[in-house]
Amino acid sequence: MVDNIPIRVYYNPCQLFSLMLIKEVKNMYILIMIAVIALLAGLYIRYIPVRGVRCTTLCNNDDRSIQIVDVRDYNLSYKDPIPTAITMPVAYLKRNYHEIPKMKIHIVAADQLEKNISIRFLRKRGYDVIGYAVTECNCNKHLKAKSA
């Protein structure tokens, strides 16, 4: 009746090393997968365009229900000011977004990166972003030509 006695398995040092190595490789694989997922999430937030927000011009902005938020750097917004806009660079959004009234928002950005980050940030905080304008974009040239 020796069936109830647990059998101990003894490994030689080479087998122990290979088992430890397999365990470490599995842990390393998990860490690499986490790093890749974090990298892809960062790339998505920065470079993938936001759906549902159109590129529009600011020429016919007589609507008082739309608030313009200029997220360009201060040195760029100073050279080309927008009179009715709230100037708040992307770097200051996290600290000062509560100063933006809860209205429909139109974003003015210097490039696609600023546009994507600011729209995603404001949408996450509950703002209704309805459009954007990128100052260094070819789409504004086409829109201005159509409106002229």
Seminar exercise, completed: Filter segment 101-128 for residues that are out of contact with any strand residue (DSSP E or B) (no Cβ under 7 Å at 6 or more places or on another chain) and over 13 Å from Arg72 (Cβ atoms); the one that is surrounded by the most Cβ atoms within 10 Å (Cβ to Cβ) is Asn116
Problem set entry | The one condition in (1) under 18 Å from Tyr74 (Cβ atoms); (2) touching a helix residue (DSSP H, G or I) at 6+ places or on another chain (Cβ under 9 Å); (3) modelled with pLDDT of 90 or more that Thr135 fails to fulfil | (3)
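Would you confirm whether or not segment 97-114 contains a residue that is in the same structural domain as Thr135 (by TED's automatic domain parsing), in contact (Cβ under 8 Å) with a residue 60 or more places away in the chain and within 14 Å of the chain's Cα centre (by Cα)? Even if it seems obvious, please write down each step before you answer.
So in segment 97-114, the residues in the same structural domain as Thr135 (by TED's automatic domain parsing) come out as 97-114.
Right, trim to in contact (Cβ under 8 Å) with a residue 60 or more places away in the chain and you get 112-113.
Imposing the further condition that a residue be within 14 Å of the chain's Cα centre (by Cα) reduces the set to 112-113.
Checked against the condition, which is being in the same structural domain as Thr135 (by TED's automatic domain parsing), in contact (Cβ under 8 Å) with a residue 60 or more places away in the chain and within 14 Å of the chain's Cα centre (by Cα), segment 97-114 yields at least one hit.
Considering only segment 30-75, state which residues are of a type in the set (Val, Ile, Thr) and closer than 21 Å to Val90 by Cα. Before the answer, list the steps.
To start, the set of residues in segment 30-75 that are of a type in the set (Val, Ile, Thr) comprises 30, 32, 34, 36-37, 45, 48, 50, 53, 56-57, 66, 68-69, 71.
Hits for segment 30-75 are Ile45, Ile48, Val50, Val53, Thr56, Thr57, Ile66, Ile68, Val69, Val71.
The values are calculated or read from the model by the stated rules, or taken from the named source; none is laboratory data. Please read these numbers as outputs of a predicted model, since none were measured by experiment. All Cβ positions, glycine included, derive from the backbone under ideal geometry; neighbour counts span all protein chains shown.
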